[in-house]
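The values are calculated or read from the model by the stated rules, or taken from the named source; none is laboratory data. All figures in this text were calculated on a predicted structure; none of them were measured in a lab. Here the Cβ positions follow ideal geometry from the backbone for every residue, glycine too, while neighbour counts run over all protein chains shown.
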There are 2 protein chains.
Amino acid sequence: MSGSVLLAELIDALRCLPGVGAKSAQRMAFHVLERDRPGALRLADRLAAAVERIGNCRRCRSFSENELCSFCANPLRDKSVLCVVESPVDQSAVETATGFRGLYFVLLGRLSPLDGMGPRELGLDLLAERLRGGEVAELIVATNPTVEGEATAHLLSQLARDAGVRATRLAHGVPLGGELEFIDRGTLAHAFGSRQTLT
Amino acid sequence: MSGSVLLAELIDALRCLPGVGAKSAQRMAFHVLERDRPGALRLADRLAAAVERIGNCRRCRSFSENELCSFCANPLRDKSVLCVVESPVDQSAVETATGFRGLYFVLLGRLSPLDGMGPRELGLDLLAERLRGGEVAELIVATNPTVEGEATAHLLSQLARDAGVRATRLAHGVPLGGELEFIDRGTLAHAFGSRQTLT
C-alpha cells in the first residue's frame with residue numbers, strides 16, 4: 001500500500017460497489033487520482049445527490065426523485081396494462097428489450113418470509129387497490145423464474161383473479177440462440193411440455 | 001432506463017471508473033440505491049476527500065495527504081537504497097510483493113516526448129539532486145519493460161552514473177509458474193541469453 005490513510009479509506013469505500021474486490025478498488029482509486037480527478041469529484045457529487053434525493057414513486061414504487069416517476073406521469077403510456085417486476089433493474093430490462101408501452105409496478109423484492117418480505121413489504125395492498133380501480137385490464141407478471149419469484153407470481157395471479165383482472169406471465173422455454181445441448185434440464189423439460197404448433 | 005434524471009447522471013458518472021461500462025455502471029447504481037445507501041454516501045465522501053486532500057509527497061512524489069509520505073517520513077526505512085517506479089500502483093506492487101525496506105521515487109509517468117513527458121515532468125532534477133546528496137548507494141530501476149519504460153531506465157542509469165551511484169534493474173526472464181510454450185518470444189530469447197549457472 002501507498003501509506004496514505006485517505007487513499008486506503010477510498011479503496012475501502014469503493015468496495016461497496018458490486019463486483020469490486022480489493023484489487024479493482026485499488027486500481028480504480030489510483031486511476032481516478034492519477035488521471036481523472038474531475039470525474040471523481042463529479043461521481044462524489046452524483047452519488048450524494050442520488051442517495052439523498054432519489055426515493056420511490058408513489059404509484060409504482062420504482063426509483064424517482066419526484067412524487068410520480070416519469071412513466072407514471074406520462075399520459076401517453078397505456079394505463080390498461082400493468083407489468084409487475086421485482087426490481088428497478090428488471091423494469092429497466094423490460095423497458096429496453098421490449099416495446100412495452102404500459103405501466104409498471106415494482107415490488108422491490110420478492111415473497112420471502114424468512115427475510116421478512118411479506119405482501120405488505122411488496123406493496124401488494126397498493127397493487128390490489130389499483131387493480132380494483134378498474135383501469136387495469138391485464139396484469140403481466142414478470143417476476144424472476146426462481147422459487148421465490150414463482151411463489152410471488154402465484155400470489156399476484158390470485159390478487160388479479162380477486163379483482164377480476166386477467167393475469168399473464170412471461171413465456172418460459174429455450175432462449176433464442178441457445179443450444180439444446182447446453183440448456184438445463186428443467187428449462188428443456190418445460191419447453192418440451194409447452195411445445196407449440198408450427199404454423 | 002428507469003426515467004430518473006439523477007439516476008441517469010449517476011450511471012454516467014460511474015463510468016469514470018476504469019473497467020466500468022454502461023452495463024456495470026447501471027448495475028452499480030441500482031445496487032447502491034437498493035441495498036447500500038450508507039455505503040454510497042461514504043464513497044461520495046471519501047472520493048471528495050481523496051481528490052481534495054491527496055497531493056504528492058515533496059520528496060518521492062508518491063500520493064500523500066501530508067508534505068512527506070509515510071515512507072519518506074519513516075526513520076526505519078533504509079535511505080541508502082532508492083527504488084524508482086513509474087507510478088504509485090507500481091510502488092504499491094513492489095511494496096506488497098517484495099521485502100524492500102528502502103525508499104521510493106515515483107516518476108508519475110515515463111519518458112514520452114510526444115505526450116510531453118520529458119525529464120522535467122518526471123522530476124528527474126529532484127532525483128538527480130537526491131543522488132548527488134550522497135545518501136543513496138544503490139538506485140533500483142523498476143520501470144516497466146515497455147519501449148518507453150526502457151528508454152526511461154536508460155536515462156535513469158545515466159543519471160546514476162553521473163552521480164557515482166550504482167544502478168541496478170529488475171531481472172527479466174521466464175515468470176515463475178509460467179510455461180515455456182506460452183511465453184512470448186522476446187521474453188524467452190532474453191531469458192535464454194541471460195541464462196545462469198546452476199549452483
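Being more than 13 Å from B:ARG15 (Cα to Cα), at the interface with another protein chain (Cβ under 7 Å from one of its Cβ atoms) and touching a residue at least 24 places away in the same chain (Cβ under 8 Å) is a description that does not apply to A:LEU14. Pairing residues of the range A:27-48 that are at the interface with chain B (Cβ under 7 Å from one of its Cβ atoms) and more than 13 Å from B:ALA50 (Cα to Cα) with residues that are among the small types (Gly, Ala, Ser) and part of a loop (DSSP other than H, G, I, E, B), at Cβ distances under 9 Å and at least 6 apart in sequence or on separate chains, gives A:ARG27/B:GLY19. Yes or no: A:ARG61 of a type outside the set (Asp, Glu) and on the phi > 0 side of the Ramachandran plot? It is true that A:ARG61 is of a type outside the set (Asp, Glu) and on the phi > 0 side of the Ramachandran plot.
Which residues, taken from the range B:152-186, are small (Gly, Ala, Ser) and in contact with a helix residue (DSSP H, G or I) (Cβ under 7 Å, 6 or more places away or on another chain)? Once the filter is applied, which keeps residues that are small (Gly, Ala, Ser) and in contact with a helix residue (DSSP H, G or I) (Cβ under 7 Å, 6 or more places away or on another chain), the range B:152-186 yields B:ALA160, B:ALA163, B:ALA167, B:GLY173. Any residue at all in the range A:65-83 that's within 24 Å of A:GLY134 (Cα to Cα), more than 8 Å from chain B (Cβ to nearest Cβ), β-branched (Val, Ile, Thr) and in contact with a Ser or Thr (Cβ under 9 Å, 6 or more places away or on another chain)? No, that holds for no residue. For the range B:93-101, the count of residues that are assigned by TED's automatic domain parsing to the domain that holds B:VAL165, surrounded by 18 or more Cβ atoms within 10 Å (Cβ to Cβ), of a type in the set (D, E, K, R) and in contact (Cβ under 8 Å) with a residue 60 or more places away in the chain is zero. Checking B:GLY21, B:GLY99 one by one, the residue that is farther than 30 Å from B:GLY133 by Cα and under 26 Å from the mean Cα position of the chain (by Cα) is B:GLY21 and no other. Does B:LEU6 count as surrounded by 23 or more Cβ atoms within 10 Å (Cβ to Cβ), of a type outside the set (Phe, Trp, Tyr) and within 7 Å of another protein chain (Cβ to nearest Cβ)? The answer is no for B:LEU6. Here B:VAL106 fits the description: among the aliphatic types (A, V, I, L, M), under 19 Å from the mean Cα position of the chain (by Cα) and closer than 25 Å to A:GLY39 by Cβ.
Output the helices (runs of 4 or more DSSP H) that fall wholly within the range B:1-120 and possess 1 or more residues being at pLDDT 95 or above and farther than 30 Å from A:THR96 by Cβ, or say none.
In the range B:1-120, B:37-53 are the helices (runs of 4 or more DSSP H) which contain 1 or more residues that are at pLDDT 95 or above and farther than 30 Å from A:THR96 by Cβ.
For the range A:130-164, the set of residues classified as of a type in the set (D, E, K, R), assigned to a helix (DSSP H, G or I) and surrounded by 14 or more Cβ atoms within 10 Å (Cβ to Cβ) consists of A:ARG130, A:ARG132, A:GLU148, A:GLU150, listed by residue number.
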